[in-house]
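Got a structure for you, written out below as structure tokens; questions coming shortly.
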Amino acid sequence: MPLITPEQVIEYTEFEAVKARAPNKLQSDILQAETELFSKAGHKFDTPAYTPLPATVELALIKLTEYYALINSDESIAKGYTSERLGDYSYTLSDGRTVSKPAIDLLIAEYIQKAAPKRPVSFKMRAL
């Protein structure tokens with residue numbers, strides 16, 4: 001079950017492209033954002049300790065979902081186009097639109113699990 005809903009993303013965003021995105025596509029964007037968040041945090045937020053979800057984690061998920069919704073809804077942003085030509089048709093993005101991935105590390109810093117220290121490898125050698 002997703003940690004956030006498409007409605008939360010639509011309520012937060014200022015981007016019309018995200019507001020107009022179909023809820024089932026936003027669900028896919030949420031899944032993509034959750035996968036990245038879980039990877040960075042080193043765990044899933046599925047224990048009772050995270051019910052309700054901390055506000056900073058929720059905000060990080062919403063921001064990542066918004067980013068993925070923008071990238072997945074506009075091919076020119078995803079590929080970094082500033083102009084494109086198709087036969088006799090061409091266009092240029094005069095505003096130089098680019099979308100950068102939000103920095104969520106500070107938002108989730110206190111929820112990142114440290115990896116267990118690795119035990120040093122020890123071995124014995126003997127002469128043959």
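Here are ASP74, ASP46: which of them is modelled with pLDDT of 85 or more, of a type in the set (D, E, K, R) and out of contact with any strand residue (DSSP E or B) (no Cβ under 6 Å at 6 or more places or on another chain)? Please lay out each step first, then the result.
Working: ASP74 fails: modelled with pLDDT of 85 or more.
From the options ASP74, ASP46, the qualifying one is ASP46.
Right, another one. At pLDDT below 60 and exposed (fewer than 12 other Cβ atoms within 10 Å of the Cβ), is that true of ASP105?
Values: at pLDDT below 60: no; exposed (fewer than 12 other Cβ atoms within 10 Å of the Cβ): yes.
When the stated conditions are applied, ASP105 does not pass them.
Determine, yes or no, whether ALA17 is in contact with a helix residue (DSSP H, G or I) (Cβ under 7 Å, 6 or more places away or on another chain), among the small types (Gly, Ala, Ser), surrounded by 13 or more Cβ atoms within 10 Å (Cβ to Cβ) and within 22 Å of ILE112 (Cα to Cα).
Numbers: in contact with a helix residue (DSSP H, G or I) (Cβ under 7 Å, 6 or more places away or on another chain): yes; among the small types (Gly, Ala, Ser): yes; surrounded by 13 or more Cβ atoms within 10 Å (Cβ to Cβ): yes; within 22 Å of ILE112 (Cα to Cα): no.
No, not satisfied.
Restricting attention to region 11-35, and to residues there that are at pLDDT 95 or above and of a type in the set (Asp, Glu), which single residue is farthest from ASN72 (Cα to Cα)?
GLU11
The values are calculated or read from the model by the stated rules, or taken from the named source; none is laboratory data. No experiment lies behind these values; they were computed from the predicted model shown. Counting neighbours? That spans all protein chains shown, and the Cβs are built from the backbone with ideal geometry, glycine included.
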